[in-house]
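The values are calculated or read from the model by the stated rules, or taken from the named source; none is laboratory data. Computed from a predicted structure; not experimentally measured. Neighbour counts run over all protein chains shown; Cβ positions are idealised from the backbone, glycine included.
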Amino acid sequence: MAQTSRKSTAWDVAEKAGVSQSTVSRVFTGSTRISEPTRTRVLDAAKALDYLPDKRASRLRSGHTGVVAVVVITRAQDGAREVNPFAYALLGSVCRAASEKGYETLVSFQSNEDEFYGRYVEQRDADAMIVLGTTQNPEGWSHFRTLLDEDDRAICWGLPYDEVRSVRSDNQQGGRIAADHLWSSGYRKPVFLGPIDTAQRQFHERYEGFVDGLKAHGGEAIVMRDMHSANRIEQGREAIALLEAERTEYDAIFAACDRIALGALEALQERGISVPADVGIMGYDGIAETKHSNPPLTTIKPDLEEAGRLLVAQVLGGDDADKNANLAPVELIARSSTQK
């Protein structure tokens, strides 16, 4: 019977490198008390012996896991395909930012009460927790609210509550940019689409910035805020139907998010309304779908790479963590849906 090869241990590495076992342990826990020649000798010996340190034991000794837990709150009825693409994009940015700091990410999608769990730091499964996702799951945010409020090792994207630590896009600036763009493109009767009287505080901030931007030009916005559907695409379609039923005169739309804008675009086209000749339309989030709509959708895009870096830096602390830096910059992506 063939013998299985024995797994190399820290003692084997120590013997080959000519150092103590405790020195090997210090090298793999990142101690700065080890000289560079000794560190190199230990790492070379570990590579030659195909040695893999016991991360769990190392974490128990150091008190650090090297892991950031990321919770993505979704709607209870949503499968993987129904999750907002923006959440996936932001998740990727957070994972990249954590990796750049030498951390792994533990990702959990949670939607139902029996799934809600956020005690990763307390249970020493992670050093910090970041919460992302839809505010259309109030039960989920209610569960995490206490953890976010009490633990400085937890942070969230967006602003569902005033008192919790968060990072969000510069929504008011985004609204002002949208107003400037539509006005300079020749539109004078703009509509804002979005449920602004909900826990989705970011929508209200975008609305405020839009209104302020239009006032600077001597204009004002029509507001469609009463949307009953839980689906963002359907909210856009519903808003167009209401505008038609009320015989509202408008020549442009700024939607609180891209998916509302895409739903409105579909409804306009079904009614034979030309975009952008009759109505210009733009959204917010910069999701990939906006590139491929017909016509391609103008949008306000948050810098998600910076958003990921801000979330990770703030929750992990360190020299690069500016506690007052909680707004990710935004930019206009102008496409043909607003080019008369």
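Hey, any hits in segment 104-125 for a residue that's within 16 Å of Q314 (Cβ to Cβ), touching a helix residue (DSSP H, G or I) at 6+ places or on another chain (Cβ under 6 Å) and among the aliphatic types (A, V, I, L, M)?
No, because not a single residue in segment 104-125 is within 16 Å of Q314 (Cβ to Cβ), touching a helix residue (DSSP H, G or I) at 6+ places or on another chain (Cβ under 6 Å) and among the aliphatic types (A, V, I, L, M).
Applying the selection to segment 177-191, what residues are in a helix (DSSP H, G or I) and farther than 19 Å from D285 by Cβ?
If the condition is that a residue be in a helix (DSSP H, G or I) and farther than 19 Å from D285 by Cβ, then W183, S184 are the ones that fit.
Mind checking which residues of segment 291-314 are touching a Phe, Trp or Tyr at 6+ places or on another chain (Cβ under 9 Å) and over 28 Å from G280 (Cβ atoms)? First the steps, then the outcome.
Of all residues in segment 291-314, those touching a Phe, Trp or Tyr at 6+ places or on another chain (Cβ under 9 Å) come to 299-302, 304, 307, 311-312.
L311, V312, listed by residue number.
Considering each of G317, G272, G286 in turn, give the residue that is within 30 Å of E104 (Cα to Cα) and exposed (fewer than 14 other Cβ atoms within 10 Å of the Cβ). Show your work before the answer.
Values: G272 fails: within 30 Å of E104 (Cα to Cα); G286 fails: exposed (fewer than 14 other Cβ atoms within 10 Å of the Cβ).
Just one listed residue meets the conditions, G317.
Hey, could you check segment 90-105 for residues that are within 19 Å of H64 (Cβ to Cβ) and surrounded by fewer than 22 Cβ atoms within 10 Å (Cβ to Cβ) and say which is modelled with the lowest pLDDT?
The selected residue is G102.
Where residues in segment 255-269 are in contact (Cβ under 8 Å) with a residue 60 or more places away in the chain and small (G, A, S), which of them is surrounded by the fewest Cβ atoms within 10 Å (Cβ to Cβ)? So that I can check it myself, show each step before the final result.
Step one: list which residues in segment 255-269 are in contact (Cβ under 8 Å) with a residue 60 or more places away in the chain, which gives 255-261, 264-265.
Checking the rest, the ones that are also small (G, A, S) come to 255-256, 261, 264.
Working: A255: 31, A256: 30, A261: 31, A264: 28.
My answer is A264.
Can you name every residue in segment 61-71 that is under 13 Å from Q123 (Cβ atoms) and either part of a loop (DSSP other than H, G, I, E, B) or modelled with pLDDT under 60 (or both)?
Keep residues of segment 61-71 that are under 13 Å from Q123 (Cβ atoms), which gives 65, 67, 69.
Within segment 61-71, T65 is the sole residue that qualifies.
Across segment 116-160, what is the number of residues that are surrounded by 18 or more Cβ atoms within 10 Å (Cβ to Cβ) and without any contact (Cβ under 8 Å) to a residue 24 or more places away in the chain?
So the count comes out to 1.
Which of the residues belonging to segment 36-53 are part of a helix (DSSP H, G or I) and touching a residue at least 24 places away in the same chain (Cβ under 8 Å)?
Here is the first cut: in segment 36-53, the ones part of a helix (DSSP H, G or I) are 36-48.
Residues satisfying the conditions are R41, V42, D44, A45, A46, A48.
So that you can scan it fast, the table gives a plain yes or no per residue for (1) assigned by TED's automatic domain parsing to the domain that holds Y284; (2) farther than 23 Å from L132 by Cβ; (3) aromatic (F, W, Y); (4) touching a residue at least 60 places away in the same chain (Cβ under 8 Å):
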position: D180; (1), (2), (3), (4): yes, yes, no, no
position: Y187; (1), (2), (3), (4): yes, yes, yes, yes
position: P195; (1), (2), (3), (4): yes, no, no, yes
position: H217; (1), (2), (3), (4): yes, yes, no, no
position: R225; (1), (2), (3), (4): yes, yes, no, no
position: H228; (1), (2), (3), (4): yes, yes, no, no
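Going through segment 270-293 one residue at a time, which ones are of a type in the set (A, V, I, L, M) and either closer than 30 Å to A328 by Cα or touching a strand residue (DSSP E or B) at 6+ places or on another chain (Cβ under 7 Å) (or both)?
So in segment 270-293, the residues of a type in the set (A, V, I, L, M) come out as 273, 275, 277, 279, 281-282, 287-288.
Those that are of a type in the set (A, V, I, L, M) and either closer than 30 Å to A328 by Cα or touching a strand residue (DSSP E or B) at 6+ places or on another chain (Cβ under 7 Å) (or both): V275, V279, I281, M282, I287, A288.
Keeping to segment 231-279, report how many residues are under 22 Å from K291 (Cα atoms) and of a type in the set (F, W, Y).
1
For segment 118-137, name all the residues that are at pLDDT below 95 and over 20 Å from A230 (Cβ atoms).
Answer for segment 118-137, where residues must be at pLDDT below 95 and over 20 Å from A230 (Cβ atoms): G118, R119, Y120, V121, E122, Q123, R124, D125, A126, D127.
Residue under question is R309, and the condition is that it be in a helix (DSSP H, G or I) and either more than 21 Å from I233 (Cβ to Cβ) or in contact (Cβ under 8 Å) with a residue 60 or more places away in the chain (or both); does it hold? I'd like the intermediate steps shown before the answer.
Numbers: in a helix (DSSP H, G or I): yes; either more than 21 Å from I233 (Cβ to Cβ) or in contact (Cβ under 8 Å) with a residue 60 or more places away in the chain (or both): yes.
Yes.
Do we find that A80 is at pLDDT 90 or above and of a type in the set (A, V, I, L, M, F, W, C) in this structure?
On the way: at pLDDT 90 or above: no; of a type in the set (A, V, I, L, M, F, W, C): yes.
No, not satisfied.
Please go through segment 9-35 and pick out each residue that is assigned to a loop (DSSP other than H, G, I, E, B), within 23 Å of T65 (Cα to Cα) and of a type in the set (G, A, S).
If we filter segment 9-35 for residues that are assigned to a loop (DSSP other than H, G, I, E, B), which is where we start, we get 9, 18-20, 29-35.
Applying the additional criterion that residues be within 23 Å of T65 (Cα to Cα) yields 9, 29-34.
Matches in segment 9-35: G30, S31.
Sort out which residues of segment 225-250 are under 19 Å from I300 (Cα atoms) and either among the aliphatic types (A, V, I, L, M) or not in a helix (DSSP H, G or I) (or both), and write them in order of number.
I233
Determine which single condition P195 fails, assuming it passes every other condition in (1) within 30 Å of G118 (Cα to Cα); (2) touching a helix residue (DSSP H, G or I) at 6+ places or on another chain (Cβ under 7 Å); (3) at pLDDT 95 or above.
It fails just one condition, (3).
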